[in-house]
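Visitor: Before I ask anything, let me first share the structure, which is written out below as structure tokens.
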Amino acid sequence: MKHKGNKNSNRIIVALIALCCLGAGCKKAEETTKQTSKASETEATTIQTTEETTTIPTTDETTTEETSSEATEQSTEAETTASEEETTAATKAPVADTISLGAGNITNHGFATGNSLYSFYVTHPSSDQEALTQEENASGEKKKLYTASSIDYLNLQGDALYFRDGRNAISKLNVADGSCEKIYEGEITNLTVYGEYLYFSENSSLVRCGLDGSNKEVLFEEQHSSMPADVAFCITNDKIYFSDPTDFANGGFFFGKVYSMDLDGKNQTDFPSGVIACNGEMFFSDGKCLYFYGTSEDQSVSGYLRINLDGSDLRHVNRNSPTSINTAEGKEYLSVSEGLNLLDADLTPTQILKDSIGDSAHFVIVGENIYYMNLAGTTIRVSLDGTNNVKLG
């Protein structure tokens with residue numbers, strides 16, 4: 001089932017927005033979970049303790065006591081052996097806490113991710129090559145894992161790192177042994193791992209497949225008259241929010257009404273409040289609000305907007321174009337030409353970083369750190385308050 005907005009009434013409204021964002025590049029929700037990481041075998045140990053309570057029978061017969069004692073010893077020995085086997089198996093795949101990510105990381109091209117043991121990020125060793133680097137959080141030791149013409153949309157799931165490889169494939173890298181394989185080929189955008197599936201946009205469609213790249217399913221599809229459209233979407237609270245790209249198009253920019261649906265593509269419904277979003281430029285949720293570039297149907301507000309998932313409290317995050325936005329720990333961050341701003345509850349900006357990063361600089365939040373790329377193409381890491389500036393390459 002497909003839903004459409006009033007195309008004729010929206011064309012003029014959205015055309016104005018399209019002109020505003022022609023200078024901007026149009027390009028989900030990460031959850032904090034317990035994940036398994038084979039790469040951390042030497043860093044994490046699973047300790048399992050077994051407490052045994054033995055009840056001594058009250059009897060005067062020595063034979064009964066000896067028999068009971070022998071049975072208890074055999075039982076304890078068997079349980080100890082089973083416990084040791086379980087501990088050994090668990091040690092082979094120790095658990096590592098996942099570092100919480102800013103909700104807008106995929107929107108911002110997801111060039112960094114990590115867990116409690118390692119950080120992973122992309123650098124530019126040359127103008128035509130990008131490198132995927134692993135850094136041990138405790139020691140700072142770095143290891144180059146992979147190089148390609150372009151690497152983005154990093155998604156860490158257990159001991160597997162999924163990413164877009166060269167803009168036309170999905171690769172899966174095993175962080176335990178460094179092996180890497182391409183598991184899917186196609187025109188991929190907005191790659192997101194959620195549960196046991198890979199979700200991504202491809203040729204005016206929103207699709208998902210298994211973590212091995214198999215069993216592709218089309219969840220939403222629209223054929224556009226001019227060219228394939230990038231379907232903007234995000235996943236939060238087991239729901240997919242997306243924008244239908246067929247309401248309006250201009251110069252490669254696509255606009256449409258916002259809808260939600262189940263993870264399998266069923267129960268497609270209108271977003272509670274009528275809004276029109278630009279596909280691909282900015283579209284994400286922090287679990288409470290939806291962030292996007294677009295307008296309300298009555299044209300009362302337009303620009304970079306934030307609205308609650310129940311359709312209430314539509315507000316400007318920023319009226320100017322272009323820009324990038326990300327969130328972490330309930331705080332909102334905004335890129336401007338001279339650096340990064342932190343927004344308070346009233347969306348009033350306070351500059352926390354001064355650097356010539358450009359209005360539309362993409363930045364990724366991993367745990368307590370912000371990763372961004374300056375105008376020279378250098379990847380830089382700073383703390384959430386803008387301090388501890390480190391050039392990574």
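The values are calculated or read from the model by the stated rules, or taken from the named source; none is laboratory data. Please read all numbers here as calculations on a predicted model, not as lab measurements. Cβ placement follows ideal geometry from the backbone for every residue including glycine, while neighbour counts extend to all protein chains displayed.
Visitor: Could you list all residues from segment 205-222 that are in a strand (DSSP E or B) and polar (S, T, N, Q)?
Guide: Applying the first criterion (in a strand (DSSP E or B)) to segment 205-222 yields 205-210, 217-221.
Passing the criteria: only SER205.
This table checks each residue for (1) surrounded by 17 or more Cβ atoms within 10 Å (Cβ to Cβ); (2) within 30 Å of SER119 (Cβ to Cβ); (3) modelled with pLDDT under 95.
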residue	(1), (2), (3)
ALA169	yes, yes, no
LYS172	yes, yes, no
LYS182	no, yes, no
SER201	yes, yes, yes
ASN250	no, no, yes
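Visitor: Looking for whichever is outside the structural domain of ASP152 (by TED's automatic domain parsing) and under 23 Å from ILE235 (Cα atoms) here; the options are VAL317, VAL366, VAL390, VAL382. Which one fits?
Guide: Numbers: VAL317 fails: outside the structural domain of ASP152 (by TED's automatic domain parsing); VAL390 fails: under 23 Å from ILE235 (Cα atoms); VAL382 fails: under 23 Å from ILE235 (Cα atoms).
That would be VAL366, the only listed residue that is outside the structural domain of ASP152 (by TED's automatic domain parsing) and under 23 Å from ILE235 (Cα atoms).
Visitor: Out of ASP313, ASP355, ASP298, ASP385, report the one residue that is farther than 30 Å from ASP247 by Cα and loosely packed, with under 15 Cβ neighbours inside 10 Å.
Guide: Matching residue, one of ASP313, ASP355, ASP298, ASP385: ASP385.
Visitor: Has segment 372-381 got at least one residue that is exposed (fewer than 14 other Cβ atoms within 10 Å of the Cβ) and among the aliphatic types (A, V, I, L, M)?
Guide: Scanning segment 372-381, I find at least one residue that is exposed (fewer than 14 other Cβ atoms within 10 Å of the Cβ) and among the aliphatic types (A, V, I, L, M), so the answer is yes.
Visitor: Which one is farthest from SER335 (Cα to Cα) among residues in segment 264-288 that are under 19 Å from the mean Cα position of the chain (by Cα) and crowded, with 21+ Cβ neighbours inside 10 Å?
Guide: ASN279
Visitor: Given (1) among the β-branched types (Val, Ile, Thr); (2) at pLDDT below 95; (3) in contact with a Lys or Arg (Cβ under 6 Å, 6 or more places away or on another chain), identify the lone condition not met by VAL231.
Guide: For VAL231, the exception is condition (3).
Visitor: Find the strands (runs of 3 or more DSSP E) located wholly in segment 311-393 whose residues include 1 or more that are farther than 30 Å from THR295 by Cβ, and list them. Walk me through it before giving the result.
Guide: On the way: elements: 315-318, 325-328, 331-336, 339-343, 349-354, 363-366, 369-373, 379-383.
In segment 311-393, 349-354, 363-366, 369-373, 379-383 are the strands (runs of 3 or more DSSP E) which contain 1 or more residues that are farther than 30 Å from THR295 by Cβ.
Visitor: Let me ask another. Among the listed residues ASP152, ASP159, ASP128, identify the single one that is farther than 30 Å from ILE357 by Cβ, in the same structural domain as CYS234 (by TED's automatic domain parsing) and modelled with pLDDT of 50 or more. I'd like the intermediate steps shown before the answer.
Guide: Numbers: ASP152 fails: farther than 30 Å from ILE357 by Cβ; ASP128 fails: farther than 30 Å from ILE357 by Cβ.
So the residue among ASP152, ASP159, ASP128 that is farther than 30 Å from ILE357 by Cβ, in the same structural domain as CYS234 (by TED's automatic domain parsing) and modelled with pLDDT of 50 or more is ASP159.
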